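Participant: This is the structure I have questions about; it appears just below.
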Amino acid sequence: MEQVDLFVSCLVDLFEPATGRAAVAVMERRGAQVGFPLGQTCCGQFAYNAGHWPEAWAMAKNLLAALDAPPTPGPDRGERATVGLSGSCVAMVREEYPKLLDWAADQPGWDSSWRVRHARVAGRLWELSQWLNRAALAPVADEDTTTTRVALHTGCHMRRVLGAGADAAAVLAALRVRVATPEDEDQCCGFGGTYAMTEPKISTALADDKLTALRATQADAMVSCDWGCLLHLAGRLSRTGVAWPVLHLAELVDLADRGELAPTQLARAGRFAREVP
Amino acid sequence: MAGRLPRDPAPWAARRDRALASPVLRANIRSVTHRLADARRRAYASYPAGQVLRVAGRDAKRRAMAQVEPLLDQLRDRLSANGARVIFAEGPKEVADYVVSLAARRGAQRIVKSKSMLTEELDLNRRLAAAGLAVRETDLGEYIIQLLDERPSHILAPAAHRNRQEIHAVFQETADREGVPGPTSDDVGPLTAFARQRLREDFLAAEIGITGANFLVAETGTVVLITNEGNADMVASLPPVHVVIAGIDKVLDTWDALAAVIQQPALSGVGQRLSAYTTLISGPRAAGSPEGPEELHVLLVDNGRRQLLGGPYADVLTCIRCGACYNVCPVYRQVGGHAYGSTYAGPIGAVETPLLAGLDFLPELPKSLCTLCNACVEACPMDIALPDHFITLRRRQVDEGREAAGTRLTYRAWGRLWSSPRQYQRFVSWARRGQRFMMRQGRLVRSPGLWAGWFETRDMPPIAPETFHEWWARRSPSGKAPV
Ligand code: SF4
């Protein structure tokens, strides 16, 4: 049985844990034994991107220690894959941590074993759609006549830093979910970590453009592999009173597995504007 | 030494809001950037050799930046041997003084120019006008913004923020003022015909022509100019004096290096395989030659460039000013170039401006004009590490204490709470208690401090009644999920 550790990201843990639960179901259904390294909090990307590297480094060390710690019970982590539920956070660990490590190497208290631990962790870390795209993907549900269409938003770091821009679409295609590609699909949604807070006007102008393009597909829901982008876009829908289901890929795959892709079922699972009274 | 650049005196918020409040400007920028970005994509897709050349061109630029001083000496020697005067100039004042005294010696009053971002960076036109010289821009875009008394809003297409109707209006005004017939319509043909007619008189009357340079080849002592309008040819050949004003970053070592890189500005900038006009200049008119200027002056300008050589930002000096990064930048697409407040906008401008002029100069540029989407580095033919530079410039601002004290404290606390599992748990319980006062209809709708900006326009879900960590803890040891 394949052993897989889950790296959920702070946003999933705190705000959208249903995504994590869906990911567990999806991975177990594909024969994985799922573990959850308990010490994990946040990859530190928001601090790193804003230039606050001492804080980013503290969080990075915590995450590396958590993802590298031997599990009890179970095989050594070295034989396990780690699957992350955010393309941006996985890109951070794999592609940006080396730069943070180079910086940390010049700081007091540096311990060169961090490079070794990073190499171990990064070498077995995948984003969920990358893992699904190489795991046996025979649809679990035998339903193959769904007319459901989803608009796919691929986060910029997933696409350009991680280089996993095509995996989610491949996963959905294998599940016979119809994918709509919005116009200007490779344009940023305006989230940008703390950019969404420090430059709300530009960030929101970008969100509105992105939502216009996504909604123009007339898809039944939108899906992405990053709750960063999704919280920003769903938060905008919520504030403007638009009800349109927003889901993480893990949730959509879970629904597809269970043959629950009817628009009403998506609507029940998706995040909406303010709770319907 | 740090360079000196002009800036828009308006503060960032005013510049940004002015742009966001102008639907015409935003529509213009949107259409130009999409058109140019699509053209670039198509051009490389249909021309695989372009990619191979791009890599060779990038390497040639990097090689040159690793040995700038000997190459500049070689360039000077070659050009001088051909009768050109080569001058190393520090910054705006030295350049303007040189041109003003040259004009005085020649008794010159009228100057024509072709497009040069460096002379924009040096604020040369204003300085020359202050000395009583009449300067006429002859690139169509530059001519338009000169009539409008504006700065370029795009490194390649200076009037990208203006549409045909607006251009027609300013041409008509100019025609009325000068008592000549205006353009017959706002179609491209009549507009360019009008400009061509007006500019012809200026070309013939000018006593000095000023151009920039796209490349300088040390091996052969060649100044290389590329344009799509041919105006640089006239500026460089009709007036009796030609002044080239170029940054030291333009130098290349060999002719082969030029061959490798020369297509890249057109490919990346406008999606053509080569610019329409390529002009090679190696000296003033030779004895017995029927054409060319009597005098050629080549000013090699530093203005903050040398301080970057050999450092972590040296790749910025390999920029070929193609504008590809502007065209794909989501923030540029929203606000256009003037919001940046600097000569250089877009990703490269937001990075290069503080590098040339100092971190205190327009300090909002690295912070407020980038979402870190990485579209720029993907588009940049020279592979300049723009996103990394944004991040490390932000880090330097933080390290040097330029971040507001409250923000710094917030990050400290945030970092401390989230870098240990126990503290993180405490954060969760505090946040749960606090968020009750910030909710409406089950959504977070406001927050204090750093997060407040989010809630100006967006909601958030509250911290979940059961986090993933808490849910996992409830799972039975057999690994089955709780119901
Ligand atoms: S940074 Fe790169 S993409 Fe931007 S103008 Fe310079 S060469 Fe072109």
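Participant: Interface size between chain B and chain A, please: total buried accessible area, 1.4 Å probe, rounded to the nearest 100 Å².
Facilitator: 6200 Å²
Participant: Right, next: So which trypsin sites (Lys or Arg not before Pro) in the stretch B:253-333 are both in a DSSP loop and have at most 16 other Cβ atoms within 10 Å of their Cβ?
Facilitator: Filter output for the stretch B:253-333: B:ARG273.
Participant: Further question: Provide, for q = 0.06, 0.07, 0.11, 0.12 Å⁻¹, the log10 of I(q)/I(0) from a solvent-free Debye sum over equal Cα point scatterers in the protein assembly as shown.
Facilitator: Here the Debye-derived log intensity ratios amount to -0.42, -0.56, -1.17, -1.32.
Participant: What distance in nm separates the simple spin-label points at A:ALA166 and B:ARG62, each placed 7 Å from Cα in the Cβ direction?
Facilitator: Roughly 2.6 nm, to one decimal.
Participant: Here's something else I'd like to know. Can you give the charge dipole size of the stretch A:140-269 about its Cα centre, rounded to the nearest 20 debye, using +1 on the beta carbon of Lys and Arg and -1 on the beta carbon of Asp and Glu?
Facilitator: 360 debye
Participant: Now a separate question. Which angle between 0 and 90 degrees, to the nearest 10, do you get for helix A:227-240 versus the longest principal axis of chain A when only C-alpha atoms count?
Facilitator: 40 degrees
Participant: Once a ≥ b ≥ c are taken as the square roots of the eigenvalues of the Cα gyration tensor of the stretch B:357-483, is the result rounded (a/c under 1.5), prolate (a/b larger than b/c) or oblate (a/b not larger than b/c)?
Facilitator: Prolate, because a/c is 1.5 or more and a/b exceeds b/c.
Participant: Number of Lys-Lys pairs in chain B under 25 Å by Cα, sequence gap 8 or more or different chains?
Facilitator: Lysine pairs, 8 or more places apart or on different chains, close enough: 7.
Participant: Over the stretch A:3-132, what lengths in whole Å, largest first, do the semi-axes of the equivalent ellipsoid take, defined as the square roots of 5 times the eigenvalues of the alpha-carbon gyration tensor?
Facilitator: 25, 16, 12
Participant: Still on this model: How many Å² of accessible area per residue for the stretch B:384-467, probe 1.4 Å?
Facilitator: Solvent-accessible surface per residue comes out at 50 Å².
Participant: So which trypsin sites (Lys or Arg not before Pro) in the stretch B:360-405 are both in a DSSP loop and have at most 16 other Cβ atoms within 10 Å of their Cβ?
Facilitator: Listed in order of number, the matching sites are B:ARG402.
Participant: Tally Lys and Arg at +1 and Asp and Glu at -1 over the other residues with C-beta under 11 Å from the C-beta of B:ILE226: what net charge comes out?
Facilitator: Every neighbour counted, the sum reads 0.
Participant: If I stretch the segment between A:TRP110 and A:THR181 completely, what's the gain in nm (0.36 nm per residue apart, minus their alpha carbon distance), one decimal?
Facilitator: Computed gain between A:TRP110 and A:THR181 is 21.0 nm.
Participant: Another one. Give me the net charge for the shell around B:GLN272: Cβ to Cβ below 11 angstrom, other residues only, Lys and Arg +1, Asp and Glu -1.
Facilitator: Cβ neighbours under 11 Å give a net charge of +3.
Participant: Ignore the peptide's own chain and count Cβ atoms of other chains within 10 Å of each Cβ in B:361-373; give me the average, rounded.
Facilitator: If you average over the peptide's residues, the count of other-chain Cβ atoms is 5.
Participant: Sticking with this one: Please compute, for peptide A:184-190, the average count of beta-carbon atoms on other protein chains lying within 10 Å of each residue's beta-carbon.
Facilitator: 5
Participant: Further, regarding this structure: Kindly report, to the nearest 10 Å², the accessible surface of B:ASP73 as traced by a 1.4 Å probe over protein heavy atoms only.
Facilitator: That residue has around 60 Å² of solvent-accessible surface.
Participant: Ranked by accessible surface with a 1.4 Å probe, highest first, in what order do B:VAL99, B:VAL377, B:VAL188 come?
Facilitator: These residues rank, largest area first, as B:VAL188, B:VAL377, B:VAL99.
Participant: Report, to the nearest whole %, how much of the accessible area of the protein assembly as shown belongs to carbon and sulfur atoms, 1.4 Å probe, protein only.
Facilitator: 53 percent
Participant: Hey, another quick one. Check which residues have an amide H placed less than 5 Å from B:LEU444's amide H, if you skip close sequence neighbours.
Facilitator: When sequence neighbours closer than 5 places are left aside, the close amide H contacts are B:MET460.
Participant: Sequence-distant or interchain residues sharing an amide H contact under 5 Å with A:GLY84, placed H: which?
Facilitator: Result for A:GLY84 returns A:PHE7, A:TRP126, A:GLU127, A:LEU128.
Participant: What does the charge add up to near B:SER419, with Lys and Arg as +1, Asp and Glu as -1, over the other residues with Cβ less than 12 Å from its Cβ?
Facilitator: +3
Participant: Quick check for you: with a 1.4 Å probe and neighbouring chains kept, what is the accessible area per residue of chain A, in Å²?
Facilitator: Per residue, chain A has 34 Å² of solvent-accessible surface.
Participant: What is the spin-label model distance, in nm, from B:ALA404 to B:SER447 if the labels are put 7 Å beyond Cα along the C-beta direction?
Facilitator: Those two pseudo-labels are separated by 1.6 nm.
Participant: With n ≥ 4 as the cut-off for DSSP H runs, can you work out [θ] at 222 nm for chain B, using -39500 (n - 2.57) per run divided by the number of residues, rounded to the nearest 500?
Facilitator: -15000 deg cm²/dmol
Participant: Ok, one more. What translational D, rounded to a whole number of µm²/s, comes out for the stretch B:321-399 from Stokes-Einstein when the hydrodynamic radius is the Kirkwood one over Cα pairs, at 10 °C and 1.306 mPa s?
Facilitator: For these conditions, the coefficient is 130 µm²/s.
Participant: Which residues of the stretch A:228-243 end up with at least 40 Å² less accessible area in the presence of all protein chains than when their chain stands alone, using a 1.4 Å probe?
Facilitator: Residues losing area: A:LEU231, A:ARG239.
Participant: List, in order, the whole-Hz ³J(HN,Hα) value for each residue of the stretch B:290-307 obtained from phi through the Karplus relation with A = 6.51, B = -1.76, C = 1.60 and θ = phi - 60°; use x for Gly and Pro.
Facilitator: Using θ = phi - 60°, the values come out as x, 9, x, x, 6, 10, 10, 10, 10, 9, 9, 9, 8, 6, x, 7, 4, 5 Hz.
Participant: Under the Karplus relation 6.51 cos²θ - 1.76 cosθ + 1.60, θ = phi - 60°, what is the ordered set of whole-Hz ³J(HN,Hα) values for the stretch B:61-69, x standing for Gly and Pro?
Facilitator: My calculation for the stretch B:61-69 gives 5, 5, 4, 5, 5, 7, 8, 4, 5 Hz in order.
Participant: Once you average over the residues of B:328-334, how many Cβ atoms of partner chains fall within 10 Å of each Cβ?
Facilitator: Counting Cβ atoms of other protein chains within 10 Å of each residue's Cβ and averaging gives 6.
Participant: Still on this structure, I have one more. Could you check the spin-label model distance between A:ALA69 and B:ARG85? Points 7 Å from the Cα along Cα→Cβ, value in nm.
Facilitator: Between A:ALA69 and B:ARG85, the label points sit 7.4 nm apart.
Participant: Across the stretch A:124-132, in residue order, what do the Karplus-derived ³J(HN,Hα) couplings come to in whole Hz, using 6.51 cos²θ - 1.76 cosθ + 1.60 with θ = phi - 60° and x for Gly and Pro?
Facilitator: Calculated HN-Hα couplings, in order: 10, 9, 10, 7, 3, 5, 5, 5, 5 Hz.
The values are calculated or read from the model by the stated rules, or taken from the named source; none is laboratory data. On a predicted model such as this, the values are computed, not experimentally measured, just so you know. Because the Cβ atoms are built from the backbone with ideal geometry, glycine has one as well, and the counts that use them run over all protein chains shown. Note: areas computed on protein heavy atoms with side chains; ligands, DNA, RNA excluded. Shrake-Rupley method; radii C 1.70, N 1.55, O 1.52, S 1.80 Å.
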